[in-house]
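In what follows, a single structure is set out as structure tokens and then discussed.
Every number here is computed from the coordinates shown, using simple stated rules; none is lab data. Since the structure is predicted, the reported quantities are computational estimates derived from the model, not experimental observations. Heads up, the Cβs are rebuilt from the backbone with ideal geometry, glycines too, and the neighbour counts pull from every protein chain shown.
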Amino acid sequence: MGEAGAHLKPSSLGHRVRFIKSLFKWIHEEGFMLKNPAAKLKEPKLGKRIPKFLTKHEIELLREGCHTSQENALFEFFYSTGCRIGEVARLNRDDIDFTGKSVIVLGKGDKEREVYFNIRCAIWLKRYLDEREDDEPCLFVTGRKPLTRMSIDSLRYVIKRISKRAGIKNTIHPHQLRHSYATHMVDNGAPLEVIQSLLGHEKSETTRIYAHLSGKLRYDFYNKYF
């Protein structure tokens, strides 16, 4: 499998190994083979994957790339709440609590959690909703009539359009705004258990990636300036 799987990422290779192991286990248990040749086959080590994030300079460039109140509201909401794209797609305008600058989102495993947004986000959200003349309950709607709820693909497209205008070489995805939110909180000294709760991570190990990332940042700065 070495040469055939040389181009694969460890996670993809792991899927193949698991498939082969389960196949040969079934063949062996059904009595078609006396020995299971894949019994000792090991999955590759995945290691710690460092998520891609945006610098604060890039965040400002993206802000300049927003041309409408909807784009501003959508961008600020993603960045200031750290929400997953699916969580944003489900939201209705009545879910927004402007007094507490908070919203209850439905995360993985249908678990609810409260997230918060900043004043900048609140201003753009209010402006965007006040400009709308439709009765659609959804928080973010498509631009063309008949207006409908923005799908996950539509939300991705808007962020992609903003990143192109901002002149950032690599296309920006909404999940990178979530990573950036978490990374910037770590850099500002936020405790990991707080970030874990805000992101809706079930396992603390998932959140600890950002601590490693913060360490990598310091290492990179050291090498750059010393």
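The simple spin-label model puts a point 7 Å past each Cα toward its Cβ; for HIS173 and LEU147 those points are separated by 3.0 nm. When you count the other C-beta atoms within 10 angstrom of each residue and take the mean per peptide, 75-84, 28-37 line up highest first as 75-84, 28-37. Over the C-alpha trace of the range 56-225, radius of gyration and Dmax come out as 16.5, 55 angstrom. Computed from label points 7 Å out along Cα-Cβ, the spacing between ILE27 and ASP187 is 5.2 nm.
The GluC sites (Glu not before Pro) of the range 94-152 meeting both criteria, a DSSP state outside H, G, I, E and B (loop) and at most 12 other C-beta atoms within 10 angstrom of the site's C-beta, are GLU133. Among the listed pairs LYS40/LYS108; LYS108/LYS145; LYS126/LYS160; LYS56/LYS126; LYS145/LYS169; LYS108/LYS160, those whose Cα-Cα separation exceeds 26 Å are LYS40/LYS108; LYS108/LYS145; LYS145/LYS169. A simple spin-label model places pseudo-atoms 7 Å from Cα toward Cβ; at TYR157 and ALA38 they are separated by 4.1 nm.
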